[in-house]
Amino acid sequence: MGGRGIRAVVGTGVVLLGVGLFVTGAGSETVTSAVAGQEQPLGPSARDPADIRANNSPTIARNPRDPARLVVVNRVDTPRYSCAMHISGDGGGTWAETAIPFPAGGELPPRCFAPDAAFGPDGTLHLVFATLQGMGNSPGAVWASSSTDDGATLSEPVQVLGERAFQFRLAADPARPGRLYLSWLQAAELGVALFPGTGYPINVARSDDGGATWTAPVRVSPPSRLRVLAPSMAFGDGGRLYVLYLDVGDDRLDYNGGHGWQAGEPYQGTFSLVLARSDDAGATWQEAVVDAGVVPTTRFLVFLPQSPSLAVDPKSGRVHVGFSDGLLGDADIWVRTSTDGGSTFRPRVRVNDTPEGDGLTQNLPRLDVAPNGRLDVVYYDRRADRQDAFNEVSFQSSFDGGTTFAARHSLSRRTFDSRIGFGSRRGLPDLGSRLGLLSGDDRARAVWTDTRAGTPASNKQDLAQAAVVFVEQSSTRPALRVAGLAVVALGLALTLSAVLAPRRVGAAAETVDSAGASSPSATDHV
């Protein structure tokens, strides 16, 4: 075979090899997701009409040393303020309610409020909650407790903060056992469901001994931000601590109680989302504005604001912030992402896959990031009700760092009334300040407030849960994959035969010459 023919065969083989590899790998490995079974109530008393407690604002936590061990804590608004804790030893299949210890010497029955929980890297469960005092149910103190048996038993509570500490959240350092952080809004004076003054700060304190002792408070929000609310925390690379909070600007309507605790048109200005970060264990703070144009869609009670959500990718360091606002005329879910450690943020990405400006509400997103970087969002969604009153719960994921979001899953089997809950008689019903979400590589579990067993008279609220499973699979059809492999084999065979052919011809000629049976002149003559 001549050189030109060899090159042609090699070229054809390479082309076939490339085509075959493209066809075989065109689908590559994709991830499909599905709701695992049906959503379930959390705990045996849920959906029981005789139990009229209003359970909301869940936090769900997982033991890093035993992922099947889960804990959910939540606040209870009616008929009396209290706290609830549920524990599961089988990954959320079954749940048992366990008692939260009350400090000795307190009022009976106790008024516990707004618990939060987190597991440390050594498997210790840490819990914080407030006790209430007086006719106005104001926070009298914040207490910390811990458990080494996943919440089955808890230690005697230790006082962490004094009076008027609101909206506190707990975070456990994932790399340092015993190191905890507490963030909160510290009020100086209180009115009836309002803050009469301004300048109340977001503070942070740290414990290095599992909550036994705490540092003095450090102010996170600068004095120039007069009306700040709803802090939440997350950890980044190298122990960096983030605190996200809401600056409501000149909103005297909600912050200073100008609405008289009555429903109506929301504040007509905008809010700002602010992210503070500390690289020295909370001693000093820097801030960046995530979004300065958050458009409010409802009035709210300043003591119980809905919290924006913060999640950090443990591998890439991406910082994701989720929130709801009315930029397009109704409440939508948005995510903004930072790829430089929270210094700057990319433009907004709209999460809910509904028509823009359809007049229907999506609100209260909760974000979490799986170890593999998948970003999950769960939120309340009224797309099924043209009257914009009945919720379902929607779940969506991003596989590209928050740039795009996959189609949603509906986690709730039926819709439930958003108008049932504390404050409903004044048109400001409260489904709580947050939802719960835990994201793993192959499964995510969400917990939310459900009202289907309640009525406007009872205001009963329950917690419900559902899981979404993720499975990696090829999107290439089997027949197409077989065809691609066949083309690869053909291309490889042609390429190898062409490459090896000149070596075989050269070897034969050398053998003939060495035997003396032929010579160049004789060959030329023939």
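Residues of region 42-54 that are more than 21 Å from the chain's Cα centre (by Cα) and in contact (Cβ under 8 Å) with a residue 24 or more places away in the chain: Gly43, Pro44, Ser45, Ala46, Arg47, Asp48, Pro49, Asp51, Ile52, Arg53, Ala54.
Of all the numbered requirements in (1) surrounded by fewer than 21 Cβ atoms within 10 Å (Cβ to Cβ); (2) in a loop (DSSP other than H, G, I, E, B), Ser221 misses one, and that requirement is (1).
Taken over region 311-333, the criterion of being crowded, with 23+ Cβ neighbours inside 10 Å and within 26 Å of Asp251 (Cα to Cα) is satisfied by His320, Val321, Gly322, Phe323, Ser324, Ala331, Asp332, Ile333. Looking only at region 79-93, residues that are surrounded by fewer than 16 Cβ atoms within 10 Å (Cβ to Cβ) and over 23 Å from the mean Cα position of the chain (by Cα) come to 2 in all. So for region 200-217 (the condition being touching a residue at least 12 places away in the same chain (Cβ under 8 Å), outside any loop (DSSP other than H, G, I, E, B), over 17 Å from Leu304 (Cα atoms) and of a type in the set (Ser, Thr, Tyr)), does at least one residue qualify? Yes, that holds for at least one residue. Return the residues of region 147-175 that are in contact (Cβ under 8 Å) with a residue 24 or more places away in the chain, of a type outside the set (Ser, Thr, Tyr), closer than 14 Å to Leu125 by Cα and assigned to a loop (DSSP other than H, G, I, E, B); say none if nothing qualifies. Selection gives Asp150, Gly151, Ala152, Leu154, Glu156, Pro157, Asp173, Pro174. Out of Gly401, Gly436, one residue alone is on the phi > 0 side of the Ramachandran plot and either among the hydrophobic types (A, V, I, L, M, F, W, C) or touching a residue at least 24 places away in the same chain (Cβ under 8 Å) (or both). It is Gly401. On the basis of being at pLDDT below 90, among the basic types (Lys, Arg) and surrounded by fewer than 20 Cβ atoms within 10 Å (Cβ to Cβ), does Arg65 make the cut? No; evaluated as a whole, the condition is false for this residue. Take Asp280 and tell me if it is free of Cβ contacts under 8 Å to residues at least 60 places away in the same chain and not basic (Lys, Arg). Answer is yes for this residue.
Just wondering, is there one or more residues in region 35-48 that are within 26 Å of Ala407 (Cβ to Cβ), part of a strand (DSSP E or B) and at pLDDT 80 or above? Yes, that holds for at least one residue.
The values are calculated or read from the model by the stated rules, or taken from the named source; none is laboratory data. The structure presented is a predicted model; accordingly, all values stated were derived computationally and were not measured. Positions of Cβ are backbone-derived with ideal geometry, glycine not excepted, and every protein chain shown enters the neighbour counts.
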